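One structure is given here, and the rest of the page talks about it.
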Amino acid sequence: MPEPLSPAPPIARVAGTGSALPERVVSNAELVRELAARNVETSDEWIVSRTGIRQRHLAAHGVGTVDLAEGAARAALNAAGAKASSVDLLIVATSTPDQVFPSTACSVQARLGAAGAAAFDIQAACSGFVYAMSLADALIRTGSHRRALVIGAEVYSRILDWNDRSTCVLFGDGAGAVVLEAGTSPGILASRMHADGARGSILTVAGRFNQGSAVGDPFLRMDGKAVFKLAVDVLESSAREVLALADLAPEQVDWLIPHQANVRILAASAKRLGLPLERVVVTVDRHGNTSAASVPLALDLARSDGRVRPGQTVLLQGVGGGFTWGSVLLRM
């Protein structure tokens, strides 16, 4: 008699999404006034024409990365109809933890009451959420975990040099989360992560703690032209890589949700793939660049407003400091 077929490995599917944004919304006009007081010259037209950003959320004093991550996590669990006690894996992608350790993930776990779940942070800058999704998917496929809470959370406003016009107008604060569950229905179809450490200097926060003091430059620094060129190249190659793994063509993607760094990068990436801009979820205009939080924030918004629907194919992409990049292709 033929041997019975082995059961198919579980597939990680998106069961719920959630967001948390600071209450304070800062328009370009307000930011321009605040920067003028520092003798930093810029304008709404300059910001919009170069980045597409019109506003951003900035965390109030006392609001940290854990606070935002917790808010997004609770919203995602509620959307999934899941209890925190059922989560057995919790990953937080962040470059701006509130403390060195315990990790942001462990702090969120304690607040949620998800005791016993594996909990740790990933630091891959703006690619962090895509990295975290890829890892959670791999662990679910092995059968070692059944329900994962994947969070991207940042308070970038605390690592910005507000005298540097080239960076301080770009970033915002926020958090987004996704609940991934093991299942048999279509979920994550393919994912890949990459890095090139030799390019690390083009986007960096080089400062560090030593003997109780900050050593080196504690602010974010970026070579904008170099980041733009590399980002567009690697986003295209990464997209084509995961599409090939899933045996899909670019035109079969219903929604492209790339890291929300700059509207020109988003437009260039879509053009390279032959996708109309109408099929790109764009939130950089309202959120700014929220680093590891940008992709889950955009995914949650598009699900909430009805654009992203069950059965659709969605391509998530991250690119950021390290230099890191990656893609996750999923069917909702």
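A few notes on this one:
- For region 46-94, the orientation-averaged shadow of the C-alpha convex hull comes to 5.5 nm² (one quarter of the hull surface).
- Span per principal axis, largest first, for the Cα atoms of region 281-332 (Å): 34, 24, 12
- Cα gyration tensor of region 73-212 - equivalent ellipsoid semi-axes, whole Å, descending: 29, 18, 14
- Shape of region 153-267, Cα gyration tensor, a/c cut at 1.5: prolate
- Three-way shape label, region 4-154, alpha-carbon gyration tensor, a/c 1.5: prolate
- For region 260-305 versus region 58-136, the gap between their alpha-carbon centres in whole angstrom: 22 Å
- Shape of region 216-280, Cα gyration tensor, a/c cut at 1.5: prolate
- Where only DSSP H runs of four or more residues are counted, the chain gives -10000 deg cm²/dmol as its mean residue ellipticity at 222 nm, each run worth -39500 (n - 2.57).
- Antiparallel beta bridges, as assigned by DSSP with both residues in the chain, represent about 70 percent of the total such bridges.
- With 0.36 nm allotted per residue and the present C-alpha distance subtracted, the ALA206-ASP285 stretch has 25.6 nm of extension available.
- Carbon/sulfur fraction of accessible area - region 1-120, other protein chains in place, 1.4 Å, %: 54 percent
- Accessible surface calculations at 1.4 Å, restricted to protein heavy atoms, place the chain at 43 Å² per residue.
The values are calculated or read from the model by the stated rules, or taken from the named source; none is laboratory data. Just so we're clear, the structure is a prediction, and the values are computed from it rather than from any experiment. Just so you know, the surface numbers come from the protein's heavy atoms only, side chains and all, with ligands and any DNA or RNA stripped out. Shrake-Rupley method; radii C 1.70, N 1.55, O 1.52, S 1.80 Å.
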